[in-house]
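The values are calculated or read from the model by the stated rules, or taken from the named source; none is laboratory data. These numbers come from a predicted model, not from an experiment. Cβ coordinates were reconstructed from backbone atoms using ideal geometry, including for glycine residues, and neighbour counts include every protein chain displayed. For the accessible areas, the whole protein counts, side chains as well, though only heavy atoms, and no ligand, DNA or RNA atoms are used. Shrake-Rupley method; radii C 1.70, N 1.55, O 1.52, S 1.80 Å.
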Amino acid sequence: MIDLLSAILPRAFKTKRFIFSILIMISIPSLIMYVAASMDDDKLHMDSFPFFMNTSLPMIIAITGGLFISKDYTDNTIRNKIIVGHSRTSIYMANWITSVIMTLALFAVYQLFIFAVGGSIFGFSDVYELDYFFKELLLTLCPLITFTSITVFICMTVKGTSGTVLSFMFYYVLMMFDAFSVFITNEDLLHFIYNCLLTSQLEELQSSVYEGMAMDYTNFTLYPISSLIVILISTIGGIAIFRKTDIK
Amino acid sequence: MEYILQTNKLCKNYGKHHILKELTMNIPKGSIYGFVGRNGAGKTTLIRIVCGLHNPSSGSYSLYGVNNKDSAILAERRKTGAVVETPSIYPDLDARENLRLQYKILGLAQDNMEDILKLVELIDTGKKKAKDFSLGMRQRLGIAFSLIGNPDFLVLDEPINGLDPQGIVEIRELLLKLNHERGITILISSHILDELSKLATHYGFIDNGTLIKEMSAEELHDSCRQSMKITVNDTKILQEVLTEKQLEFKILSETEAVIFSEIEITPLVLALHDKDCYVVTMSESNESLENYFMKLVGGVHHD
């Protein structure tokens, strides 16, 4: 698998899609901060920005990670790995690791940009705690890595560009959970399901900063546990399906 | 005889469709094995199974003597190179970058990359992206991919499909060179039989998912060469007469024989008559590989 990673990783970071995604991760916050700066609001500080793109991130993950995997199928280059004797598990895991690293890299670029530019323009509020930021950061990584796992699962099992489209669709279907919640009468269950959904988690983490809400520390266990379960199920299931899949 | 690949009652089903039906084949080491069959006969499916791209529905195969269910087969695959249908190349990379990536995938040093590029005549392609290559160049790049890691076994699925005459000659010469100079065993599937006959040392004929005949090139040559099939009442007498006349022949049964040499019919019939042997039938045969194949699969099918 190390051979695979040493081949895949550098290529992943050189693709036009990844560079395009980096540009998006810089240009959208630039635009938002430009608009915010022009509002001349003294109460606006850099603390408002680190997580405000949370709900848009999965879309960018699907573009970068999803298309990177899908292209391997559309070019039939995935054959090159199987024919020379790499196990299907190694191929799947190499793609998973590459996608997660791409997600982390994109998120890191975004955060560094926000801190460097946002920090210098807006400064930090007096009440802002770095400890709070890191906790929120760790919690945000849970749904992001979960969505990356789901994207890898979909792309590796659907075997084509449609995998990326399905990842998109999957995210938006999850976002429509509220519409389905009318069928769940038990409020505790509803609340539990809501907290376990990665879309809700990203929304919560995004709005908690916007609205200056105190962080719900029970999330420190629920978010990672729910993420871990989904990551394990999607990865183990994905490998099992991929091992039995016929490749064109 | 040592075999590189052996399949044992290999089956592949897609739903209710049986693509391979208990297919058993043997590819001798050092051979160029021509895998002959019409479109949809199951050639590519078998190749995909052998390359690990498809899983067999039942049956098994062994590569270098290792069964496909054994995890050690992964190590054996490193000694195999393949081009399945279209070459699997990275279109946005040039020839060197393509090969470099494959070397990395294999975890090998790029020490013989230039030799491979020279061998497939892509050494002068410079920065030209693979997506801008001609079909022949792509095929050769695909073959270059398969040669990384010095494989002992090459699997090529329709490598001359869509190539111009010059491209076909180039690929043929390359394959012969690989077989003769490096001793690489080659499994090559095609339905262009005349071209295959210029390469193959062994043949496997597949029809409708079943291997209907497996033979060496010599055996095929004997079957296809110009000959006279003769039916007599006693081939022992026929054998005496033909030996006296120093003719090349093969006795098929007590009443049938095939004569390969050019013969004068009247003296032969008279000589046989003198020894109380009479001729029942005589028929000339001059089959092409194509005719032989058509005869094997029972004429033209319309699927």
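When region B:23-59 is filtered for residues that are at the interface with another protein chain (Cβ under 10 Å from one of its Cβ atoms) and of a type outside the set (Val, Ile, Thr), the ones remaining, listed by number, are B:ARG48, B:CYS51, B:GLY52, B:LEU53, B:HIS54, B:ASN55. The condition of being more than 30 Å from A:PRO10 (Cβ to Cβ) and not aromatic (Phe, Trp, Tyr) holds for only one of B:GLU97, B:GLU76, B:GLU22, that being B:GLU22. Screening B:HIS180 on (1) free of Cβ contacts under 8 Å to residues at least 24 places away in the same chain; (2) closer than 30 Å to B:HIS18 by Cβ; (3) open to solvent by 30 Å² or more (accessible area, probe 1.4 Å); (4) not charged (D, E, K, R) shows it passes everything except condition (2). Go through region A:201-217 and give me each residue that's modelled with pLDDT of 80 or more and touching a Phe, Trp or Tyr at 6+ places or on another chain (Cβ under 7 Å). The answer is A:GLN201, and nothing else. Considering region B:60-139, the qualifying helices (runs of 4 or more DSSP H), each wholly inside and each with 3 or more residues that are within 13 Å of chain A (Cβ to nearest Cβ) and either at positive phi or touching a helix residue (DSSP H, G or I) at 6+ places or on another chain (Cβ under 7 Å) (or both), run over B:95-106.
For B:VAL50, the requirement of being at pLDDT below 90 and surrounded by 24 or more Cβ atoms within 10 Å (Cβ to Cβ) is not met. Taking region B:115-132 as the range and being without any contact (Cβ under 8 Å) to a residue 24 or more places away in the chain and either over 18 Å from B:LEU147 (Cα atoms) or open to solvent by 80 Å² or more (accessible area, probe 1.4 Å) (or both) as the test, the residues that pass are B:ASP115, B:LYS118, B:ASP124, B:ASP132. Within this structure, B:LEU174 fails the test of being in contact (Cβ under 8 Å) with a residue 40 or more places away in the chain, in a loop (DSSP other than H, G, I, E, B) and either open to solvent by less than 60 Å² (accessible area, probe 1.4 Å) or more than 26 Å from B:GLN6 (Cβ to Cβ) (or both).
Where helices (runs of 4 or more DSSP H) fall entirely within region B:197-303, those with at least 2 residues that are more than 30 Å from B:GLU158 (Cα to Cα) and polar (S, T, N, Q) are at B:235-244. Could you list, in sequence order, the residues of region A:117-133 that are part of a helix (DSSP H, G or I), surrounded by 11 or more Cβ atoms within 10 Å (Cβ to Cβ) and out of contact with any Leu (no Cβ under 9 Å at 6 or more places or on another chain)? Within region A:117-133, A:VAL117, A:GLY118, A:GLY119, A:ILE121, A:TYR132, A:PHE133 qualify. Of all residues in region B:38-46, one or more are touching a Ser or Thr at 6+ places or on another chain (Cβ under 7 Å) and under 22 Å from B:LEU176 (Cβ atoms). Scanning region A:14-61 for residues that are among the hydroxyl-bearing types (Ser, Thr, Tyr) and over 13 Å from the mean Cα position of the chain (by Cα), we see that the one that is surrounded by the fewest Cβ atoms within 10 Å (Cβ to Cβ) is A:SER38. Looking for something under 30 Å from A:PHE49 (Cβ atoms), among the small types (Gly, Ala, Ser) and modelled with pLDDT under 85 - is there at least one such residue anywhere in region A:155-165? The answer is no; no qualifying residue exists. Being free of Cβ contacts under 8 Å to residues at least 12 places away in the same chain and open to solvent by less than 10 Å² (accessible area, probe 1.4 Å) holds for only one residue in A:THR77, A:THR64, and it is A:THR77. Of A:THR161, A:THR140, A:THR146, A:THR199, all but one fail to be surrounded by fewer than 19 Cβ atoms within 10 Å (Cβ to Cβ) and among the hydroxyl-bearing types (Ser, Thr, Tyr); the exception is A:THR161.
When the residues of region A:80-95 are filtered to those that are polar (S, T, N, Q) and open to solvent by 20 Å² or more (accessible area, probe 1.4 Å), the one that is farthest from A:SER207 (Cα to Cα) is A:SER87. Candidates B:GLY167, B:GLY204, B:GLY209: the one that is on the phi > 0 side of the Ramachandran plot and crowded, with 18+ Cβ neighbours inside 10 Å is B:GLY209. Restricting attention to region A:73-126, the residues that are farther than 30 Å from B:ILE105 by Cα and not small (Gly, Ala, Ser) total 11.
Scanning region B:146-155 for residues that are open to solvent by 10 Å² or more (accessible area, probe 1.4 Å) and either among the polar types (S, T, N, Q) or modelled with pLDDT under 90 (or both) turns up B:GLY149, B:ASN150.
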